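Structure first, commentary second.
The values are calculated or read from the model by the stated rules, or taken from the named source; none is laboratory data. These figures come from a predicted structure and were not determined experimentally. With ideal geometry, Cβ positions are generated from the backbone for all residues, glycine too; neighbour counts draw on all protein chains shown.
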Amino acid sequence: MSSLLKSIRGHVFFYMILLVTSYSVANYFIIKLIVSPRHLQIERELAQQETDRFTQALLREGEALETIAHDWSAWNDTYNFIQNQNPEYIISNLTNITLTDGGFNLLYFFRLDGSIVWSRILDLETEEDM
């Protein structure tokens, strides 16, 4: 009787090993052939969506900056500041509030030849020059 139980246990153990091995092989091929390609496709689609969102955000920021630059450059006061760098313009227009309200931590004024007339870098949190 004891040898019969050992034989049954051996067969059960063998079939359990066979079942686990079969499941593992099937699972591997299901993941490799079905799940992974779909997962990669979804990742690519999400990456493309995020890239598109980022690009659109940059374009919106660029348009907003272009509008502000156009508005400022059309002012007579700004034109005169570029010509003679009068300190009154800086005192009245280029304050911390101007930069923080506009969300700018960097502001440069250039001449048409590319030379810098005035620049400032501001830490928006502490409102200290950097």
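Annotations
Here's the yes/no breakdown for (1) touching a helix residue (DSSP H, G or I) at 6+ places or on another chain (Cβ under 7 Å); (2) free of Cβ contacts under 8 Å to residues at least 60 places away in the same chain; (3) charged (D, E, K, R); (4) over 24 Å from Glu127 (Cα atoms):
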{"site": "Lys6", "(1), (2), (3), (4)": "no, yes, yes, yes"}
{"site": "Phe13", "(1), (2), (3), (4)": "no, yes, no, yes"}
{"site": "Ile17", "(1), (2), (3), (4)": "no, yes, no, yes"}
{"site": "Thr21", "(1), (2), (3), (4)": "no, yes, no, yes"}
{"site": "Ile42", "(1), (2), (3), (4)": "no, yes, no, yes"}
{"site": "Gln48", "(1), (2), (3), (4)": "no, yes, no, yes"}
{"site": "Gln83", "(1), (2), (3), (4)": "no, yes, no, yes"}
{"site": "Thr95", "(1), (2), (3), (4)": "no, yes, no, no"}
{"site": "Thr98", "(1), (2), (3), (4)": "no, yes, no, no"}
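- Of all residues in segment 115-127 being loosely packed, with under 10 Cβ neighbours inside 10 Å and more than 26 Å from Tyr79 (Cβ to Cβ), the one that is modelled with the highest pLDDT: Thr126
Matching residues to (1) more than 31 Å from the chain's Cα centre (by Cα); (2) β-branched (Val, Ile, Thr); (3) farther than 21 Å from Glu128 by Cβ; (4) not assigned by TED's automatic domain parsing to the domain that holds Thr126:
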| position | (1), (2), (3), (4) |
| --- | --- |
| His70 | no, no, yes, yes |
| Ile82 | yes, yes, yes, no |
| Gln85 | yes, no, yes, no |
| Tyr89 | yes, no, yes, no |
| Asn93 | yes, no, no, no |
| Leu106 | no, no, no, no |
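- Residues in segment 52-78 that are aromatic (Phe, Trp, Tyr) and surrounded by 12 or more Cβ atoms within 10 Å (Cβ to Cβ) were compared, and the one that is farthest from Phe109 (Cα to Cα) is Trp75.
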